[in-house]
Amino acid sequence: MDNSDRFLKELGEYRLLWAGFKELHAKYEERKTRLCLLLEELEGLRRRTLRELGKAARFTKHLTPFQRNELGLLPGKGNVWFVPQGQMASSQKKQRELPSLDPASLPVPSDAYSNRRELKAGTLGLLSQIDALKKSLLQLNLLELRVRELLLSINKAMKAYAHEYRVVRRRIYPIFVLSALGKSWRRLKGMTYFTPRDIIELTVLGDIAVNIAGMTESPVLSISKDEIPQFF
């Protein structure tokens, strides 16, 4: 086989690699877009979760300093149940448009090569780009699995919290307004607004809230579109 035949054969192999690269890149762009949508969904869920946890603030305003200490709510203790409504700090960075495919960053087309030496160098470069793209795809897949896992976990945890919140509120205020008036009367008489039994109920609610708050602050929540692996 002469050099001309070898060149044509290697050129054909390069074209196959090029086609594989384009297919991988299309899959990468699809996965990246899907992950961005999942991250937006996760950020929205995180905001709603913290907003729901913030409803516990209506209980804490009636606590005495001693009761707040019992529940770990004194300033500086760092062990709070919730983020008060309207004071939620978003971990998501400012989003930007998804990068479009830059033609200048693409491997050189097969018809740009005129000899085997150039083609060989181009083939090595293309193989390197394919390898990098496969690694980026793997990263996206792992990130997507983690985000889906968090979405599922937070949703399940919030269902449990919502149920417990209703139970605690019903036990503390069994006859609604009359119960609140009775507790206010207790305070006027120099007693605590909440009874020791109420504090036990609030402790259960607080434990659940702490666990959920920790879940929403998981490091993966700091990932934004800007931090998704960029191939180009």
Summed side-chain charge close to K27 - residues other than K27 whose Cβ falls under 14 Å, Lys, Arg +1, Asp, Glu -1: +2
Relative pair counts by distance (%), Cα atoms of the stretch 132-212, 5 Å bins: 3, 13, 15, 14, 12, 9, 8, 6, 6, 5, 4, 3, 2, 1, 0
Distance histogram for the stretch 142-181 (every C-alpha pair counted, 5 angstrom bins, percent rounded to whole numbers): 6, 22, 15, 12, 12, 9, 8, 7, 5, 3, 1
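What is the sum of charges, Lys and Arg at +1 and Asp and Glu at -1, for the other residues whose Cβ falls under 14 Å from the Cβ of I130?
Its environment carries a net charge of +2.
Since every read-out is calculated from the coordinates, none of them should be taken as a lab result. Everything numeric here is computed off the predicted structure, so don't read it as measured data. Cβ coordinates were reconstructed from backbone atoms using ideal geometry, including for glycine residues, and neighbour counts include every protein chain displayed.
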